[in-house]
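Structure, as structure tokens:
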Amino acid sequence: MKLMRLSIRIPMGLTIADVIIGIVVFIKISFQTGALPITPFIVWIISCVILIGITIWSALGFKGINKRK
């Protein structure tokens, strides 16, 4: 079984963890209080977008390096 490169696995793992933890936390907060805090939600969305961008950039950057060799 061929594994993904570490340069792709680390950002992808962080992205998945960030998304899952954020979803769980915001669902728990909304069930307890009934309201969703906007500022932490926006910060979470921004962090998810940044991590997704880093993951995609790592994947595409790695493919670009292989094509040059």
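Summary table below
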{"item": "Members of the stretch 3-42 that are closer than 18 Å to L60 by Cα and not in a helix (DSSP H, G or I)", "result": "L3, M4, R5"}
{"item": "Scan of the stretch 11-39 for residues that are open to solvent by 60 Å² or more (accessible area, probe 1.4 Å), free of Cβ contacts under 8 Å to residues at least 24 places away in the same chain and within 16 Å of the chain's Cα centre (by Cα), ordered by number", "result": "I16, I20, I21, I23, V24, V25"}
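The values are calculated or read from the model by the stated rules, or taken from the named source; none is laboratory data. Given the structure is predicted, the values throughout are model-derived calculations rather than measurements. Neighbour counts run over all protein chains shown; Cβ positions are idealised from the backbone, glycine included. Heads up: the accessible areas ignore ligands, DNA and RNA and are worked out on the full protein's heavy atoms, side chains in. Shrake-Rupley method; radii C 1.70, N 1.55, O 1.52, S 1.80 Å.
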